[in-house]
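Before any comments, here is the structure.
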Amino acid sequence: MLYGSGADWLKATNKRIALFGMSGLGKTHVAALLREGGDWFHYSIDYRIGTRYMGEHIADNFKREAMRVPLLRELLLTDSVYIASNITFDNLAPLSTYLGKPGDAARGGLPFDQYMRRQSQHRTAEIAALLDTGHFIDRAEEIYGYPHFVCDTGGSICEVVDPDDPQDPVLVALSSRVLMVWIEGSDAHTDELVRRFDRAPKPMYYQPAFLHRVWAEYLATTGLSEDRVDPDAFVRWAYAQALAHRQPRYAAMARNWGISVTAAEIGAVTDAAAFNDLIAQRLDQRA
(Lines give C-alpha, C1' and ligand atoms only; values in the text may rest on other atoms or scores of the structure.)
Protein backbone atom coordinates (compact mmCIF):
# COMPACT_ATOMS: atom_id res chain seq x y z
CA MET A 1 0.00 0.00 0.00
CA LEU A 2 1.05 3.62 -0.45
CA TYR A 3 1.27 4.21 3.30
CA GLY A 4 2.97 1.54 5.37
CA SER A 5 2.01 2.91 8.77
CA GLY A 6 -0.03 5.53 10.54
CA ALA A 7 3.08 7.70 10.85
CA ASP A 8 3.63 7.49 7.08
CA TRP A 9 0.07 8.66 6.52
CA LEU A 10 0.19 11.53 9.01
CA LYS A 11 3.48 12.94 7.69
CA ALA A 12 2.59 12.49 4.00
CA THR A 13 2.47 15.77 2.10
CA ASN A 14 0.08 14.16 -0.39
CA LYS A 15 -2.72 12.10 1.15
CA ARG A 16 -4.67 10.19 -1.45
CA ILE A 17 -7.57 7.85 -0.74
CA ALA A 18 -10.51 6.10 -2.39
CA LEU A 19 -13.62 5.47 -0.28
CA PHE A 20 -15.79 2.48 -1.14
CA GLY A 21 -18.77 0.68 0.34
CA MET A 22 -22.55 0.59 0.21
CA SER A 23 -24.33 3.75 -0.87
CA GLY A 24 -25.68 5.61 2.13
CA LEU A 25 -22.89 4.88 4.64
CA GLY A 26 -21.07 8.20 4.43
CA LYS A 27 -18.68 8.18 1.45
CA THR A 28 -19.94 11.40 -0.07
CA HIS A 29 -20.48 12.98 3.35
CA VAL A 30 -16.88 12.54 4.45
CA ALA A 31 -15.55 13.43 0.99
CA ALA A 32 -17.49 16.71 1.14
CA LEU A 33 -16.24 17.33 4.68
CA LEU A 34 -12.63 16.91 3.50
CA ARG A 35 -13.27 19.13 0.46
CA GLU A 36 -14.72 21.87 2.63
CA GLY A 37 -11.48 21.90 4.63
CA GLY A 38 -9.89 23.57 1.61
CA ASP A 39 -6.96 21.34 0.63
CA TRP A 40 -8.69 18.15 -0.55
CA PHE A 41 -9.85 17.59 -4.14
CA HIS A 42 -13.10 15.61 -4.29
CA TYR A 43 -13.40 13.30 -7.31
CA SER A 44 -16.86 11.73 -7.62
CA ILE A 45 -17.01 8.58 -9.74
CA ASP A 46 -20.79 8.80 -10.18
CA TYR A 47 -20.56 12.44 -11.26
CA ARG A 48 -17.85 11.55 -13.78
CA ILE A 49 -19.96 8.70 -15.13
CA GLY A 50 -23.03 10.90 -15.51
CA THR A 51 -21.26 13.83 -17.13
CA ARG A 52 -18.35 12.44 -19.13
CA TYR A 53 -19.28 8.90 -20.06
CA MET A 54 -23.08 8.69 -20.03
CA GLY A 55 -24.07 12.31 -20.48
CA GLU A 56 -24.92 11.80 -24.15
CA HIS A 57 -27.00 8.68 -23.45
CA ILE A 58 -28.89 10.56 -20.74
CA ALA A 59 -29.54 13.64 -22.90
CA ASP A 60 -30.62 11.53 -25.88
CA ASN A 61 -33.14 9.75 -23.67
CA PHE A 62 -34.60 13.12 -22.65
CA LYS A 63 -34.80 14.10 -26.32
CA ARG A 64 -36.61 10.88 -27.25
CA GLU A 65 -39.27 11.70 -24.68
CA ALA A 66 -39.46 15.33 -25.81
CA MET A 67 -39.91 14.28 -29.45
CA ARG A 68 -43.23 12.71 -28.48
CA VAL A 69 -44.61 16.16 -27.62
CA PRO A 70 -45.50 18.10 -30.82
CA LEU A 71 -44.43 21.51 -29.48
CA LEU A 72 -41.10 20.24 -28.16
CA ARG A 73 -40.53 18.19 -31.31
CA GLU A 74 -40.80 21.31 -33.46
CA LEU A 75 -38.49 23.27 -31.18
CA LEU A 76 -35.91 20.48 -31.11
CA LEU A 77 -35.92 20.06 -34.87
CA THR A 78 -35.26 23.79 -35.30
CA ASP A 79 -32.59 23.91 -32.56
CA SER A 80 -34.81 26.30 -30.62
CA VAL A 81 -34.41 24.56 -27.27
CA TYR A 82 -31.51 22.90 -25.52
CA ILE A 83 -32.01 19.76 -23.44
CA ALA A 84 -29.38 18.51 -21.01
CA SER A 85 -29.19 16.91 -17.58
CA ASN A 86 -28.24 18.90 -14.50
CA ILE A 87 -26.19 16.35 -12.58
CA THR A 88 -24.43 17.50 -9.41
CA PHE A 89 -22.50 15.73 -6.65
CA ASP A 90 -25.69 15.81 -4.57
CA ASN A 91 -28.20 15.05 -7.34
CA LEU A 92 -27.45 12.07 -9.55
CA ALA A 93 -31.10 11.49 -10.45
CA PRO A 94 -30.58 11.88 -14.24
CA LEU A 95 -28.11 8.97 -14.17
CA SER A 96 -30.27 6.64 -12.10
CA THR A 97 -33.38 7.57 -14.11
CA TYR A 98 -31.60 6.63 -17.31
CA LEU A 99 -30.51 3.27 -15.88
CA GLY A 100 -34.15 2.55 -15.18
CA LYS A 101 -35.90 -0.58 -13.90
CA PRO A 102 -37.19 -3.57 -15.86
CA GLY A 103 -40.86 -4.33 -16.15
CA ASP A 104 -44.24 -2.93 -17.19
CA ALA A 105 -43.86 0.09 -19.49
CA ALA A 106 -47.11 1.57 -18.15
CA ARG A 107 -45.45 1.78 -14.74
CA GLY A 108 -42.19 3.24 -16.04
CA GLY A 109 -40.43 -0.06 -16.71
CA LEU A 110 -38.04 -1.00 -19.49
CA PRO A 111 -37.92 -4.18 -21.57
CA PHE A 112 -35.34 -6.42 -19.89
CA ASP A 113 -33.03 -6.47 -22.93
CA GLN A 114 -32.99 -2.66 -23.06
CA TYR A 115 -32.43 -2.51 -19.32
CA MET A 116 -29.42 -4.83 -19.65
CA ARG A 117 -27.97 -2.71 -22.48
CA ARG A 118 -28.07 0.31 -20.19
CA GLN A 119 -26.48 -1.72 -17.42
CA SER A 120 -23.67 -2.63 -19.83
CA GLN A 121 -23.18 1.03 -20.72
CA HIS A 122 -22.88 1.85 -17.03
CA ARG A 123 -20.29 -0.89 -16.47
CA THR A 124 -18.11 0.47 -19.28
CA ALA A 125 -18.52 4.01 -17.96
CA GLU A 126 -17.75 3.07 -14.36
CA ILE A 127 -14.53 1.28 -15.26
CA ALA A 128 -13.43 4.24 -17.38
CA ALA A 129 -14.22 6.72 -14.60
CA LEU A 130 -12.29 4.64 -12.05
CA LEU A 131 -9.29 4.46 -14.38
CA ASP A 132 -9.45 8.27 -14.71
CA THR A 133 -8.54 8.61 -11.02
CA GLY A 134 -4.81 8.97 -11.67
CA HIS A 135 -5.45 11.64 -14.28
CA PHE A 136 -7.53 13.64 -11.82
CA ILE A 137 -4.92 13.29 -9.08
CA ASP A 138 -2.35 14.85 -11.40
CA ARG A 139 -4.81 17.46 -12.67
CA ALA A 140 -5.90 18.47 -9.16
CA GLU A 141 -2.31 19.08 -8.08
CA GLU A 142 -0.85 20.56 -11.26
CA ILE A 143 -3.69 22.92 -12.15
CA TYR A 144 -5.37 23.70 -8.84
CA GLY A 145 -2.62 23.02 -6.31
CA TYR A 146 -4.58 20.55 -4.16
CA PRO A 147 -2.15 18.45 -2.09
CA HIS A 148 -4.73 15.85 -1.02
CA PHE A 149 -7.22 13.80 -3.00
CA VAL A 150 -10.33 11.77 -2.17
CA CYS A 151 -11.97 9.50 -4.72
CA ASP A 152 -15.65 9.03 -3.85
CA THR A 153 -16.55 5.76 -5.55
CA GLY A 154 -20.01 4.47 -6.36
CA GLY A 155 -21.57 1.62 -4.44
CA SER A 156 -21.19 -0.64 -7.48
CA ILE A 157 -17.37 -0.57 -7.63
CA CYS A 158 -17.33 -4.12 -6.25
CA GLU A 159 -19.41 -5.24 -9.24
CA VAL A 160 -16.82 -4.18 -11.85
CA VAL A 161 -13.64 -5.56 -10.22
CA ASP A 162 -12.39 -8.97 -9.08
CA PRO A 163 -11.00 -8.32 -5.59
CA ASP A 164 -9.34 -11.76 -5.41
CA ASP A 165 -7.41 -11.26 -8.66
CA PRO A 166 -4.00 -9.69 -7.87
CA GLN A 167 -3.85 -8.54 -11.49
CA ASP A 168 -7.27 -6.90 -11.64
CA PRO A 169 -6.55 -3.88 -13.87
CA VAL A 170 -8.82 -1.43 -12.07
CA LEU A 171 -7.63 -2.31 -8.57
CA VAL A 172 -3.99 -2.37 -9.64
CA ALA A 173 -4.37 1.12 -11.14
CA LEU A 174 -6.24 2.48 -8.13
CA SER A 175 -4.00 1.00 -5.44
CA SER A 176 -0.92 2.41 -7.13
CA ARG A 177 -2.26 5.95 -6.62
CA VAL A 178 -4.66 5.87 -3.63
CA LEU A 179 -5.23 4.12 -0.31
CA MET A 180 -8.37 1.99 -0.61
CA VAL A 181 -10.69 2.53 2.39
CA TRP A 182 -13.82 0.43 2.96
CA ILE A 183 -16.61 2.03 4.98
CA GLU A 184 -18.15 -1.05 6.58
CA GLY A 185 -21.73 -1.00 7.81
CA SER A 186 -23.25 -3.05 10.62
CA ASP A 187 -26.33 -5.27 10.42
CA ALA A 188 -28.32 -2.31 11.75
CA HIS A 189 -27.00 -0.13 8.91
CA THR A 190 -28.01 -2.79 6.40
CA ASP A 191 -31.52 -2.97 7.85
CA GLU A 192 -31.81 0.81 7.62
CA LEU A 193 -30.57 0.83 4.02
CA VAL A 194 -33.22 -1.75 3.12
CA ARG A 195 -35.94 0.34 4.83
CA ARG A 196 -34.71 3.47 3.06
CA PHE A 197 -34.67 1.72 -0.30
CA ASP A 198 -38.14 0.33 0.29
CA ARG A 199 -39.44 3.88 0.74
CA ALA A 200 -37.77 5.15 -2.43
CA PRO A 201 -36.49 2.35 -4.70
CA LYS A 202 -33.94 3.60 -7.20
CA PRO A 203 -32.12 2.07 -10.16
CA MET A 204 -28.65 0.64 -9.51
CA TYR A 205 -25.93 -1.19 -11.40
CA TYR A 206 -25.44 -4.93 -10.77
CA GLN A 207 -23.33 -7.67 -12.32
CA PRO A 208 -25.06 -9.25 -15.35
CA ALA A 209 -24.98 -12.78 -13.88
CA PHE A 210 -26.63 -11.55 -10.67
CA LEU A 211 -29.35 -9.69 -12.58
CA HIS A 212 -30.16 -12.58 -14.88
CA ARG A 213 -30.44 -14.88 -11.86
CA VAL A 214 -32.69 -12.67 -9.74
CA TRP A 215 -34.84 -11.70 -12.73
CA ALA A 216 -35.45 -15.36 -13.58
CA GLU A 217 -36.17 -16.14 -9.92
CA TYR A 218 -38.60 -13.24 -9.64
CA LEU A 219 -40.54 -14.28 -12.76
CA ALA A 220 -40.69 -17.87 -11.54
CA THR A 221 -41.76 -16.85 -8.02
CA THR A 222 -44.49 -14.41 -9.11
CA GLY A 223 -45.63 -16.20 -12.26
CA LEU A 224 -45.62 -12.86 -14.08
CA SER A 225 -44.54 -12.23 -17.66
CA GLU A 226 -41.77 -9.69 -18.20
CA ASP A 227 -44.16 -6.98 -19.36
CA ARG A 228 -46.39 -7.37 -16.28
CA VAL A 229 -43.70 -6.92 -13.63
CA ASP A 230 -44.02 -3.92 -11.32
CA PRO A 231 -40.56 -2.30 -11.71
CA ASP A 232 -40.46 -0.99 -8.15
CA ALA A 233 -41.55 -4.32 -6.71
CA PHE A 234 -38.76 -6.11 -8.55
CA VAL A 235 -35.95 -3.78 -7.48
CA ARG A 236 -37.20 -3.87 -3.88
CA TRP A 237 -37.15 -7.68 -4.01
CA ALA A 238 -33.63 -7.73 -5.47
CA TYR A 239 -32.07 -5.08 -3.22
CA ALA A 240 -31.54 -7.09 -0.03
CA GLN A 241 -30.03 -9.90 -2.11
CA ALA A 242 -27.76 -7.35 -3.77
CA LEU A 243 -26.45 -6.14 -0.41
CA ALA A 244 -25.67 -9.73 0.61
CA HIS A 245 -23.98 -10.26 -2.77
CA ARG A 246 -21.81 -7.16 -2.38
CA GLN A 247 -20.73 -7.49 1.25
CA PRO A 248 -18.11 -10.26 0.76
CA ARG A 249 -16.77 -8.48 -2.31
CA TYR A 250 -16.21 -5.27 -0.33
CA ALA A 251 -14.56 -7.30 2.42
CA ALA A 252 -12.20 -8.91 -0.08
CA MET A 253 -11.31 -5.50 -1.51
CA ALA A 254 -10.37 -4.27 1.97
CA ARG A 255 -8.51 -7.46 2.86
CA ASN A 256 -6.47 -7.63 -0.35
CA TRP A 257 -6.15 -4.00 -1.36
CA GLY A 258 -6.63 -1.61 1.57
CA ILE A 259 -8.07 -1.02 5.02
CA SER A 260 -11.51 -0.73 6.60
CA VAL A 261 -13.26 1.68 8.95
CA THR A 262 -16.78 1.41 10.30
CA ALA A 263 -19.69 3.58 9.29
CA ALA A 264 -20.09 4.55 12.95
CA GLU A 265 -16.49 5.77 13.06
CA ILE A 266 -16.99 7.75 9.86
CA GLY A 267 -20.19 9.23 11.28
CA ALA A 268 -18.22 10.54 14.26
CA VAL A 269 -15.63 12.33 12.08
CA THR A 270 -16.06 16.08 12.26
CA ASP A 271 -13.01 17.39 10.43
CA ALA A 272 -9.97 16.37 8.38
CA ALA A 273 -7.76 16.00 11.47
CA ALA A 274 -10.12 13.44 13.02
CA PHE A 275 -10.32 11.59 9.72
CA ASN A 276 -6.53 11.48 9.39
CA ASP A 277 -6.20 10.10 12.92
CA LEU A 278 -8.74 7.37 12.14
CA ILE A 279 -6.90 6.33 8.98
CA ALA A 280 -3.57 6.30 10.86
CA GLN A 281 -5.04 4.00 13.53
CA ARG A 282 -6.32 1.57 10.92
CA LEU A 283 -2.99 1.51 9.06
CA ASP A 284 -1.15 0.68 12.27
CA GLN A 285 -3.65 -2.06 13.08
CA ARG A 286 -3.19 -3.61 9.66
CA ALA A 287 0.60 -3.38 9.92
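Straight-line cross-link reach from LYS15 at under 12 Å between alpha-carbon atoms covers these aspartates and glutamates, not counting any fewer than eight positions away in the same chain: ASP39, GLU141. Cα-based radius of gyration for the chain, normalised by 2.2 N^0.38 Å, reads 1.07.
Positive end of the dipole of the chain (Cβ unit charges, origin at the Cα centre): among THR51, HIS148, PRO163, the Cα lying farthest that way belongs to THR51. Counting only heavy atoms of the protein chains and using a 1.4 Å probe, HIS29 has close to 110 Å² of accessible surface. For region 1-84, the Cβ-based charge dipole about the Cα centre amounts to some 200 debye (Lys, Arg positive; Asp, Glu negative; other atoms uncharged). Taking Cα centre as origin and charging only the Cβ of basic (Lys, Arg, +1) and acidic (Asp, Glu, -1) residues, the dipole magnitude of region 229-272 rounds to 260 debye.
In terms of the Cα gyration tensor, with a ≥ b ≥ c the square roots of its eigenvalues, is region 230-274 rounded because a/c is under 1.5, prolate because a/b exceeds b/c, or oblate?
Oblate is the answer for region 230-274, as a/c is 1.5 or above yet b/c matches or exceeds a/b.
Using the Cα gyration tensor of region 1-83, with a ≥ b ≥ c the square roots of its eigenvalues, what is the shape: rounded (a/c below 1.5), prolate (a/b larger than b/c) or oblate (neither)? Prolate. One Cα centroid belongs to region 118-175, the other to region 225-260; the line between them spans 20 Å.
In a reduced charge model with +1 at each Lys and Arg Cβ and -1 at each Asp and Glu Cβ, the chain shows a dipole moment near 300 debye about its Cα centre.
When MET116, MET54, MET1 are compared by accessible area of protein heavy atoms, the largest-first order is MET1, MET116, MET54, using a 1.4 Å probe. Please work out whether region 113-271 counts as rounded, prolate or oblate from its C-alpha gyration tensor, where a ≥ b ≥ c are the square roots of the eigenvalues and a/c under 1.5 means rounded, while otherwise a/b larger than b/c means prolate and anything else oblate? Verdict is prolate for region 113-271.
The amide H of LEU179, built 1.01 Å from its N in the peptide plane, has ARG16, ILE17, ALA18 as neighbours under 5 Å, considering only residues 5 or more places off or on other chains. Take every Cα-Cα distance within region 54-205, group them into 5 Å bins from 0 onward, and report for each bin the whole-number percent of pairs it holds. The distribution over region 54-205 is 1, 7, 12, 15, 16, 17, 13, 8, 5, 3, 1, 0, given as percents. Computed from backbone phi, the HN-Hα couplings of region 167-176 come to 10, 3, x, 6, 5, 4, 5, 5, 5, 6 Hz, rounded to whole numbers (Karplus: 6.51 cos²θ - 1.76 cosθ + 1.60, θ = phi - 60°; Gly and Pro given as x).
The values are calculated or read from the model by the stated rules, or taken from the named source; none is laboratory data. Just so it is clear, the structure is predicted and the values come from calculations on it, not from any experiment. No Cβ is skipped: glycine too gets one built from the backbone with ideal geometry, and neighbour counts run over all protein chains shown. The accessibility values were calculated without ligands, DNA or RNA, using every heavy atom of the protein model including side chains. Shrake-Rupley method; radii C 1.70, N 1.55, O 1.52, S 1.80 Å.
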